[in-house]
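Presented below is the structure to which this report refers.
The values are calculated or read from the model by the stated rules, or taken from the named source; none is laboratory data. No experiment lies behind these values; they were computed from the predicted model shown. Here the Cβ is made from the backbone with ideal geometry for all residues, glycine too, and neighbour counts use every protein chain on show.
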């Protein structure tokens, strides 16, 4: 893997050093385009894209951090050593279809989160998909409705929502002229996600954070594992930190 960032390894902080966020993304379009919006002169955001999901994502982050000298070993455990460098893994649950694969995926999901946290890496996971975070910009989700544990529901609702946006911009008008258009097929390309989706959700960031916090609070009191917490996304933890450090909202 090519080195995707430049890290100051000195313990001495220079006057012009700004916090750096290294984000390992499962996706190469939606997540990086969305998160890049929050970069300002106060913070630097670098992406390592297409890092798959769950444990593969976390192990990629640990391996890259070790290779670049920003992770050491203390008491036999990995830990981040670079000053003002914050490493995040962003991935989905990605549920499988057969019982055996689902069981393995549940373990993969839970253990990947535990492994990341033990190494000092932050995780902004979504169960079942990143599109849940997009949906929370527009409406609440019903945790008692099992349909909201599946990305199919997110795509259906987002298609309906964008189909009924008031005063749609030219890009959305064009997309809606496609035959059988829908969110999954039409709005996840680089240009359409940036010009349509991101354009519509940025001014609703506070609403999404509030709704995500409600979901998190709902599951916090339950003695269950992370794979059982659905619908839930922890994207709001990363967004709140980027806003706090970068000052952009």
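Observations on the model:
- Listed by position, the strands (runs of 3 or more DSSP E) contained in segment 63-126 that have at least 2 residues being under 16 Å from the mean Cα position of the chain (by Cα) and in the same structural domain as residue 50 (by TED's automatic domain parsing) are 85-92.
- Residues in segment 103-117 that are out of contact with any helix residue (DSSP H, G or I) (no Cβ under 8 Å at 6 or more places or on another chain) and closer than 26 Å to residue 29 by Cα: 117 only.
- Hey, residue 146 outside the structural domain of residue 52 (by TED's automatic domain parsing), out of contact with any helix residue (DSSP H, G or I) (no Cβ under 8 Å at 6 or more places or on another chain), surrounded by fewer than 18 Cβ atoms within 10 Å (Cβ to Cβ) and under 22 Å from residue 211 (Cα atoms) or not: yes
- Residue tally, condition under 25 Å from the mean Cα position of the chain (by Cα) and assigned to a loop (DSSP other than H, G, I, E, B), over segment 164-180: 1
- Checked against (1) surrounded by fewer than 21 Cβ atoms within 10 Å (Cβ to Cβ); (2) assigned to a helix (DSSP H, G or I), residue 58 meets all criteria but (1).
- Of the set (1) more than 22 Å from residue 44 (Cβ to Cβ); (2) modelled with pLDDT under 95, all apply to residue 200 but (2).
- The requirement of being part of a helix (DSSP H, G or I), closer than 21 Å to residue 236 by Cα and either over 19 Å from the mean Cα position of the chain (by Cα) or modelled with pLDDT of 90 or more (or both) is satisfied by residue 35.
- Residue in segment 222-232 that is assigned to a helix (DSSP H, G or I), surrounded by fewer than 17 Cβ atoms within 10 Å (Cβ to Cβ) and not assigned by TED's automatic domain parsing to the domain that holds residue 146 present: yes
- Within the option set 161, 201, being part of a helix (DSSP H, G or I) and over 18 Å from residue 248 (Cβ atoms) holds for one residue only, 161.
- Close pairs (7 angstrom Cβ cut-off, 6 or more residues apart or separate chains): closer than 19 Å to residue 182 by Cβ in segment 125-153, in a strand (DSSP E or B) anywhere: 128/92; 129/92; 130/92; 132/126; 132/233; 133/126; 133/233
- Conditions (1) touching a helix residue (DSSP H, G or I) at 6+ places or on another chain (Cβ under 8 Å); (2) within 24 Å of residue 34 (Cα to Cα): number failed by residue 85: (1)
- Residue within segment 206-221 that is more than 23 Å from residue 87 (Cβ to Cβ), at pLDDT below 95 and in a loop (DSSP other than H, G, I, E, B) present: yes
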